[in-house]
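The values are calculated or read from the model by the stated rules, or taken from the named source; none is laboratory data. Every value quoted in this text rests on a predicted model; they were computed, and no experiment measured them. Methodologically, a virtual Cβ is constructed for each residue, glycine included, from the backbone with ideal geometry; neighbour enumeration extends over all protein chains shown. SASA here: full protein model, heavy atoms, side chains in, ligands and nucleic acids out. Shrake-Rupley method; radii C 1.70, N 1.55, O 1.52, S 1.80 Å.
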Amino acid sequence: QQSYDQQRNERKEIVFNHRLYNHYGPKEFFDFMDWFYANVRKDFQVIITDPTNGRSTERNLLDPTVNSTRSQILAKPYVRYAHSPSRKEYYKTIANSTISIGPFKPSALWSMSVVDSMACGIPVVCPNYACFPEILGASSDLLFSKPKELAHLINCLFDDTEFYRESSQYCLLRAQNFSVGNTARKFIDIFEQVKNGN
């Protein structure tokens, strides 16, 4: 009988768990995925959670490309839409995916969507810039610098069950560093150091 990880691995689903604003890099990511689909493999789906939908009207006005971006993405043959109306459904969508992808632009100071995926035991592949070396760890095998490295990582996570299992466990354990209790403790330690002149 197959393990849950093996079954999830065989589904070959990549979740783009970000709002569709330009500064998260949806165009850059889907340009890469178009190339990947045309030249590398076709046995996968990309799931878009699209938490932009129904969120900040004011922010949508600042980036009016959201609706056209969504339409262009949904027209792609490998894309499936999975907007979640509740937090429970949101986490279920993530937990049922295979791989998660970090934002594709270097403006991210932090990404809760990356940590959410990690906390579900989903390997998250991220560009090697911005906050991602801190979130994943600077020496993580899940960081990439070039498109060919990203293609290689996706293939490895899809095809190498052991690498997938290790990456899943690593992300799950790493996410615990960012729990509310651990984060609060780190802030308290910093303030105590400042107060004591260290």
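At a glance:
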| item | result |
| --- | --- |
| So GLN2, is it in a loop (DSSP other than H, G, I, E, B) and at pLDDT below 85 | yes |
| Hits in the stretch 105-139 - residues which are in a loop (DSSP other than H, G, I, E, B) and surrounded by 20 or more Cβ atoms within 10 Å (Cβ to Cβ) | ALA108, SER111, CYS120, GLY121, ILE122, PRO123 |
| Close pairs from the stretch 70-85: first of a type in the set (D, E, K, R), partner part of a loop (DSSP other than H, G, I, E, B), Cβ under 6 Å, at least 6 apart | ARG70/LEU20 |
| Among (1) assigned to a loop (DSSP other than H, G, I, E, B); (2) farther than 20 Å from SER167 by Cβ - the single one TYR90 does not satisfy | (1) |
| Residue count for the stretch 36-80, restricted to those that are modelled with pLDDT under 75, open to solvent by 80 Å² or more (accessible area, probe 1.4 Å) and of a type in the set (D, E, K, R) | 2 |
| Any hit, the stretch 151-172, residues being modelled with pLDDT under 85 and open to solvent by less than 90 Å² (accessible area, probe 1.4 Å) | no |
